[in-house]
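The values are calculated or read from the model by the stated rules, or taken from the named source; none is laboratory data. Only a predicted model underlies this, so the values are computations on that prediction, with no experimental measurement involved. We place every Cβ from the backbone using ideal geometry, glycine too, and count neighbours over all the protein chains shown.
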Amino acid sequence: MFCLGLNTNLTSNPSFGISRVSGFSPTRKEFKDAFLRWHAYMNKWSAMLSFPHMDRKFQAPNTMLVLLTDVEGNIEHHQTYLDK
């Protein structure tokens, strides 16, 4: 798989990536299962996500959550770049 070619990418991450040997990590499987359950009952009203979405529509494993301060820092960084 092309996405597994670089050892430093998220897909290859041992905690929440995909292994060429064992497949989905338990964390990625948990996320995928929750995501699919949400999609099974989603409609055009429940599909809307605010940004940043603090009220999650489905439970994600803690190791996959991004802190709001990190999201805000990333937005500020990109805004500074765009303002040049």
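Overview of results
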| item | result |
| --- | --- |
| The stretch 49-69: number of residues that are surrounded by fewer than 10 Cβ atoms within 10 Å (Cβ to Cβ) and either of a type in the set (Lys, Arg) or more than 24 Å from residue 18 (Cα to Cα) (or both) | 5 |
| Scope the stretch 38-74; condition among the β-branched types (Val, Ile, Thr) and either in contact (Cβ under 8 Å) with a residue 12 or more places away in the chain or touching a strand residue (DSSP E or B) at 6+ places or on another chain (Cβ under 9 Å) (or both); matching residues | 63, 71 |
| Contacts under 8 angstrom Cβ, first residue in the stretch 8-32 being more than 14 Å from residue 59 (Cβ to Cβ) and of a type in the set (A, V, I, L, M, F, W, C), partner modelled with pLDDT of 80 or more and assigned to a helix (DSSP H, G or I), 6 or more apart | 16/27; 16/28; 16/31; 16/63; 16/64; 18/28; 24/32 |
| Residues located in the stretch 31-61, provided they are in contact with a helix residue (DSSP H, G or I) (Cβ under 9 Å, 6 or more places away or on another chain) and in a helix (DSSP H, G or I) | 31 |
